[in-house]
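Chemist: What follows is a single structure, and I will ask about it in a moment.
The values are calculated or read from the model by the stated rules, or taken from the named source; none is laboratory data. As the structure is a computational prediction, the values presented were derived from the model and not from experiment. For neighbour counting, all protein chains shown are included, and Cβ atoms are generated from backbone atoms with ideal geometry for every residue, glycine included. Only protein heavy atoms, including side chains, enter the accessible area calculation; ligands, DNA and RNA are left aside. Shrake-Rupley method; radii C 1.70, N 1.55, O 1.52, S 1.80 Å.
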Amino acid sequence: SQELEQSPQSLIVQEGKNLTINCTSSKTLYGLYWYKQKYGEGLIFLMMLQKGGEEKSHEKITAKLDEKKQQSSLHITASQPSHAGIYLCGADSGGTSYGKLTFGQGTILTVHP
Amino acid sequence: DVKVTQSSRYLVKRTGEKVFLECVQDMDHENMFWYRQDPGLGLRLIYFSYDVKMKEKGDIPEGYSVSREKKERFSLILESASTNQTSMYLCASSPTTGAILNQPQHFGDGTRLSIL
């Protein structure tokens, strides 16, 4: 089965700093999904990456999928307290999987004002 | 926007009780999922369903069952609740598009369940 490892497990930054979260897969990724979760709430979909080398941005968040499609990174520029939460990556195992995703353990981000 | 609604945000039950967690989605999605989320363990899939009356076991189905009588509703049942089932439960749905790549799942707000 596919396994996803996220690093770091937690991150504390000062407001205004840039940061990067990584997601590494044990197998080739057919699709990689990034979600954000505020503590005690559900997951909010951020971005989906499919092609090797693909990069997508939304506001100050940029996600990339490497050429080999085994690693993705999430980069936040000029972090704000509103970016705080848990970031999770999810992987598509491909084929007839009925929409199943495998998730990493999450990265807890704290942003100090 | 897709709306996935879980019936309760917080629930407290006693050991041995039969517990029902309800989830409703309003976007006619074929696929629905139940996860539990525990610190350090991430999201673990309990059961999923790809059509009415169809269900498949996920990674940790023991102690749980599910029901999907209508397309919009997916229920998780704890047959005899135990303290190790205290957790955050998340429901999600996604459409089937026929494409190789799956569409993102949309999540409810979660139910924090405590078993005493």
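Chemist: If I filter segment B:41-63 down to residues being touching a Gly at 6+ places or on another chain (Cβ under 9 Å) and of a type outside the set (V, I, T), which single residue comes out as modelled with the lowest pLDDT?
Modeler: So, considering only residues that are touching a Gly at 6+ places or on another chain (Cβ under 9 Å) and of a type outside the set (V, I, T), the one modelled with the lowest pLDDT is B:G42.
Chemist: So in segment B:1-26, with the set limited to residues that are assigned to a loop (DSSP other than H, G, I, E, B) and away from every other protein chain (no Cβ under 14 Å), which one is least open to solvent (accessible area, probe 1.4 Å)?
Modeler: Residues of segment B:1-26 that are assigned to a loop (DSSP other than H, G, I, E, B), as a first pass: B:1-3, B:7-9, B:14-18, B:26.
Going one step further and asking which of them are away from every other protein chain (no Cβ under 14 Å), we end up with B:14-18, B:26.
On the way: B:R14: 149, B:T15: 86, B:G16: 45, B:E17: 67, B:K18: 108, B:D26: 92 Å².
Filtering first and then ranking leaves B:G16.
Chemist: What's the total number of residues in segment A:6-28 that are farther than 18 Å from A:H83 by Cβ, within 15 Å of the chain's Cα centre (by Cα) and without any contact (Cβ under 8 Å) to a residue 60 or more places away in the chain?
Modeler: Of the residues in segment A:6-28, 1 are farther than 18 Å from A:H83 by Cβ, within 15 Å of the chain's Cα centre (by Cα) and without any contact (Cβ under 8 Å) to a residue 60 or more places away in the chain.
Chemist: Could you check segment B:39-51 and list, in sequence order, the residues that are more than 14 Å from the chain's Cα centre (by Cα) and either open to solvent by less than 50 Å² (accessible area, probe 1.4 Å) or acidic (D, E) (or both)?
Modeler: Scanning segment B:39-51 gives B:G42, B:D51.
Chemist: Which numbered condition trips up B:L43, out of (1) closer than 24 Å to A:Y39 by Cα; (2) aliphatic (A, V, I, L, M); (3) not in a strand (DSSP E or B)?
Modeler: Looking at each condition in turn, B:L43 falls short on (3).
Chemist: On to the next question. Open to solvent by 10 Å² or more (accessible area, probe 1.4 Å), at the interface with chain A (Cβ under 10 Å from one of its Cβ atoms) and within 10 Å of the chain's Cα centre (by Cα), is that true of B:F107?
Modeler: yes
Chemist: On to the next question. Does A:Y87 count as open to solvent by 80 Å² or more (accessible area, probe 1.4 Å) and of a type in the set (F, W, Y)? Break it down into steps so the answer makes sense when it comes.
Modeler: Working: open to solvent by 80 Å² or more (accessible area, probe 1.4 Å): no; of a type in the set (F, W, Y): yes.
Taking the combined requirement at face value, the residue does not satisfy it.
Chemist: Applying the selection to segment B:68-89, what residues are part of a strand (DSSP E or B) and under 18 Å from B:K13 (Cβ atoms)?
Modeler: The answer is B:S75, B:L76, B:I77, B:L78, B:S87, B:M88, B:Y89.
Chemist: Output the qualifying pairs, or none if there are none: Cβ atoms under 6 angstrom, residues six or more apart or on different chains, first residue in segment B:27-51 and closer than 21 Å to B:R9 by Cβ, second residue assigned to a strand (DSSP E or B) and of a type in the set (G, A, S).
Modeler: The qualifying pairs are B:M32/B:S49; B:M32/B:S93; B:F33/B:A92; B:R36/B:S87; B:D38/B:S87.
Chemist: Restricting to segment A:29-57, and then to whatever is of a type in the set (K, R) and more than 9 Å from the chain's Cα centre (by Cα), can you tell me which residue is least open to solvent (accessible area, probe 1.4 Å)?
Modeler: Step by step, filter segment A:29-57, then rank; the result is A:K56.
Chemist: Same structure, new question: Filter segment B:66-104 down to the residues that are open to solvent by less than 40 Å² (accessible area, probe 1.4 Å), facing chain A (nearest Cβ under 9 Å) and free of Cβ contacts under 8 Å to residues at least 40 places away in the same chain, then identify the one that is nearest to the chain's Cα centre (by Cα).
Modeler: My answer is B:P104.
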